């Protein structure tokens, strides 16, 4: 997004939650210290030891306007059928990976 000079913000939790804070481009170098990567990667949405897990898991990266195709490095899809649809739309096969475990 930076390379394509796109305006964006990111949040440390679900964007509509009052506890979540927005950060602009000036904070991008610190993103790994701002968002909770363990929460984002957590398999489950609920943890009795972390009552804020769901909010943090839903951290967002929001881009103003449209993202140009040139800015998309690749696609992660749920299954082979989804991959085939993207190929039919003209996406190069080498840019598509099937990762069912990425989806809930």
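Bear in mind that the values in this text are calculations on the coordinates, not laboratory data. Quick caveat: nothing in here was measured; it's all calculated off a predicted structure.
Observations
- With both residues required to sit in the stretch 1-102, DSSP beta bridges show an antiparallel share near 60%.
- Short-range pairs are left out: with C-alpha atoms under 8 Å and at least six residues apart, the relative contact order of the chain is 26 percent.
- Cα centroid of the stretch 82-104 to Cα centroid of the stretch 13-32, whole Å: 29 Å
- The chain - mean residue ellipticity at 222 nm from DSSP helices (-39,500 (n - 2.57) per run, n ≥ 4, rounded to 500): -5000 deg cm²/dmol
- As a size descriptor, the averaged projected area of the C-alpha convex hull of the chain was calculated at 7.9 nm².
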